[in-house]
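Beneath this line is the structure, given in structure tokens, with notes to follow.
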Amino acid sequence: ITVTFDGESNDGVLKWMEDEDYFEFSDDILVASTEKLQFRDTAIYINSSTDGQLDLVADTEIQIAATTVDINGNVDISGTLTVGGALDFSEANISNVGSLGLDSIFGDADTNTSITFSGSDVITIAAGGDNQVTFTNGGIVPSTNNDIDLGSSSVQFKDAFFDGTVTTDAIVVASTIGHDD
């Protein structure tokens, strides 16, 4: 079944595709003004509520099923953004963030070095695939006994200030010992 709209320079053809079970129209369709293209009921539709704006409206969900969705423009999300897969910023910076809740941070070129935040007020820093230092409420603690150096022979801390007891296995003095009154 074919309906031909006889125009002076171009004809419009509406054809029923029996084997495919759909209509085929041979030209553009213009929906005038704020009229709607409705689906199933009046709560699901496509329209243009104002010039320059396209509205996709659904009373429950809009699902886009495609291998790739390419958005060329700014995106304004007024609700919650839930990501089920990976979120890749392609080396772009994240800016203007109020607060950020994370389980861990690691480098994309060095995944065995990380900062992990646990739910028990503990921050753990790992390097070389091993936990190195843990920050707790009131303590900086090495993750393994007798394994972590504070500074090195070539890169040293300038001064150390302690208000309490210092316990050590040995002290090596490389220069004079002074007393500050």
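The values are calculated or read from the model by the stated rules, or taken from the named source; none is laboratory data. Not measured: the values here are computed from a predicted model. Cβ placement follows ideal geometry from the backbone for every residue including glycine, while neighbour counts extend to all protein chains displayed. When the accessible area is computed, the model is the full protein with side chains, heavy atoms only, and any ligands, DNA or RNA have been set aside. Shrake-Rupley method; radii C 1.70, N 1.55, O 1.52, S 1.80 Å.
Tabulated values for the structure
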quantity: Pair list, Cβ under 6 Å, 6 or more apart: the stretch 103-118 residue without any contact (Cβ under 8 Å) to a residue 40 or more places away in the chain, other residue surrounded by 10 or more Cβ atoms within 10 Å (Cβ to Cβ) and aromatic (F, W, Y); calculated: S114/F106
quantity: Failed item in (1) assigned to a loop (DSSP other than H, G, I, E, B); (2) in contact with a Phe, Trp or Tyr (Cβ under 9 Å, 6 or more places away or on another chain), with D70 passing the rest; calculated: (2)
quantity: Matching entry among F161, F117, F135, F106 (being exposed (fewer than 10 other Cβ atoms within 10 Å of the Cβ) and either under 27 Å from the mean Cα position of the chain (by Cα) or more than 30 Å from D55 (Cβ to Cβ) (or both)); calculated: F161
quantity: Test: residue in the stretch 41-50 that is more than 25 Å from L14 (Cα to Cα), without any contact (Cβ under 8 Å) to a residue 24 or more places away in the chain and loosely packed, with under 10 Cβ neighbours inside 10 Å; calculated: yes
quantity: Residue match in the stretch 53-66 (condition: in contact with an Asp or Glu (Cβ under 9 Å, 6 or more places away or on another chain) and not hydrophobic (A, V, I, L, M, F, W, C)); calculated: yes
quantity: Condition broken by A32, with the remaining ones in (1) exposed (fewer than 11 other Cβ atoms within 10 Å of the Cβ); (2) at pLDDT 90 or above satisfied; calculated: (2)
quantity: Residue list for the stretch 1-10, filter: of a type outside the set (A, V, I, L, M), open to solvent by less than 100 Å² (accessible area, probe 1.4 Å) and under 11 Å from F25 (Cα atoms); calculated: T2, T4
quantity: Scan of the stretch 12-29 for residues that are open to solvent by less than 70 Å² (accessible area, probe 1.4 Å) and of a type in the set (A, V, I, L, M), ordered by number; calculated: V13, L14, M17
quantity: Condition met for N146 (open to solvent by 70 Å² or more (accessible area, probe 1.4 Å) and in a strand (DSSP E or B)); calculated: no
quantity: Qualifying residue in the stretch 126-140 (condition: at pLDDT 90 or above, touching a Ser or Thr at 6+ places or on another chain (Cβ under 9 Å) and acidic (D, E)); calculated: yes
quantity: Selection from the stretch 60-91 of residues that are open to solvent by 100 Å² or more (accessible area, probe 1.4 Å) and either of a type in the set (S, T, Y) or in contact with a strand residue (DSSP E or B) (Cβ under 6 Å, 6 or more places away or on another chain) (or both); calculated: T60, T67, T68, S78, T80, T82
quantity: Residue that is farthest from P142 (Cα to Cα), among those in the stretch 80-127 that are among the polar types (S, T, N, Q) and in a strand (DSSP E or B); calculated: T111
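Each row is one residue, and each column tells you yes or no for (1) touching a Lys or Arg at 6+ places or on another chain (Cβ under 9 Å); (2) of a type in the set (D, E, K, R).
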| residue | (1), (2) |
| --- | --- |
| R40 | no, yes |
| I44 | no, no |
| V57 | yes, no |
| T60 | no, no |
| S78 | no, no |
| T113 | no, no |
